[in-house]
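Below is one structure; the comments refer to it alone.
The values are calculated or read from the model by the stated rules, or taken from the named source; none is laboratory data. Bear in mind that the values here come from a model prediction, so they are computed numbers and not experimental data. Positions of Cβ are backbone-derived with ideal geometry, glycine not excepted, and every protein chain shown enters the neighbour counts. The protein model used for the area step is the full one, side chains on, heavy atoms only, and it has no ligands, DNA or RNA in it. Shrake-Rupley method; radii C 1.70, N 1.55, O 1.52, S 1.80 Å.
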Amino acid sequence: MADDRFPDWHGTTILAVRRGGKVVVAGDGQVSVGPTVMKGTARKVRRLTPGGRDVVVGFAGSTADAFTLLERLEKKLEAAPGQLQRACVDLAKDWRMDKYLRNLEAMLIVTDGQGLYVVTGAGDVLEPEHDVAAIGSGGNFALAAARGLMESDLDAEAVARKAMAIAADICVYTNGKLTVEIIGA
């Protein structure tokens, strides 16, 4: 995502793949300013445990904004334990309606191993049609690669790793230094 105040900031590709009862969320670590890689090892995939239940979140965009959203998501999950979709919808409503939150610039991929959602500041809570979701600078490259790899016999982690490698080969704002979280059976 690019910010109007920081128009040359780019970075991060987040990919989620659901297959065989597992969801794998993989994120690269690159943050770039124009043609310069500022950091190659940012960690933008996190495991949360609100109420003792695991949830994995990947985020693209402003890190401080994403952490604010993660805190809000945790509170929503604590208020509605085990109801990931409800928590995501409530977060998206707040994000769109609240004057402070409305200015946050990030996107989230959220999963509890069963549900898989992309949450945006436009009020969207999207479920992927093909068990693959991607966000960030190289998201479209990773998404296309993963969709193609879903035709193979690879497991979810192998699909995610290969798709991220393909995205890193194509997108200058994506690198191969991955953080991978697996959730589900």
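Please tell me if Thr179 is closer than 18 Å to Ser62 by Cα, at pLDDT 95 or above and surrounded by fewer than 20 Cβ atoms within 10 Å (Cβ to Cβ). Answer is yes for this residue. Remark: Ala60 falls outside the filter, which requires a residue to be under 15 Å from the mean Cα position of the chain (by Cα), open to solvent by less than 10 Å² (accessible area, probe 1.4 Å) and modelled with pLDDT under 90. In summary, Leu108 fulfils each of the numbered conditions (1) in contact with a helix residue (DSSP H, G or I) (Cβ under 8 Å, 6 or more places away or on another chain); (2) over 21 Å from Leu77 (Cα atoms) with the single exception of condition (2).
Within the stretch 72-89, the residues that satisfy the criterion of being open to solvent by less than 60 Å² (accessible area, probe 1.4 Å), over 14 Å from Asp54 (Cβ atoms) and assigned to a helix (DSSP H, G or I) are Lys76, Cys88, Val89. Thr68 meets the conditions (1) of a type in the set (Ser, Thr, Tyr); (2) surrounded by 14 or more Cβ atoms within 10 Å (Cβ to Cβ); (3) in contact (Cβ under 8 Å) with a residue 40 or more places away in the chain in every case but one. The failed one is (3). Looking across Arg72, Arg46, one residue alone is within 18 Å of Val180 (Cβ to Cβ) and among the charged types (D, E, K, R). It is Arg46.
Out of Glu181, Glu157, one residue alone is closer than 20 Å to Gly40 by Cα and either of a type in the set (Asp, Glu) or out of contact with any helix residue (DSSP H, G or I) (no Cβ under 6 Å at 6 or more places or on another chain) (or both). It is Glu181. Screening Ala145, Ala168 for residues that are in contact with a Gly (Cβ under 6 Å, 6 or more places away or on another chain), open to solvent by 10 Å² or more (accessible area, probe 1.4 Å) and not basic (Lys, Arg) leaves exactly one candidate, Ala168. The residues of the stretch 148-160 include none that are of a type in the set (D, E, K, R) and crowded, with 19+ Cβ neighbours inside 10 Å. Which of the residues that make up the stretch 103-140 are over 19 Å from Ala87 (Cα atoms) and surrounded by 23 or more Cβ atoms within 10 Å (Cβ to Cβ)? Matches in the stretch 103-140: Val132, Ala134, Ile135, Gly136, Ser137, Gly138, Gly139.
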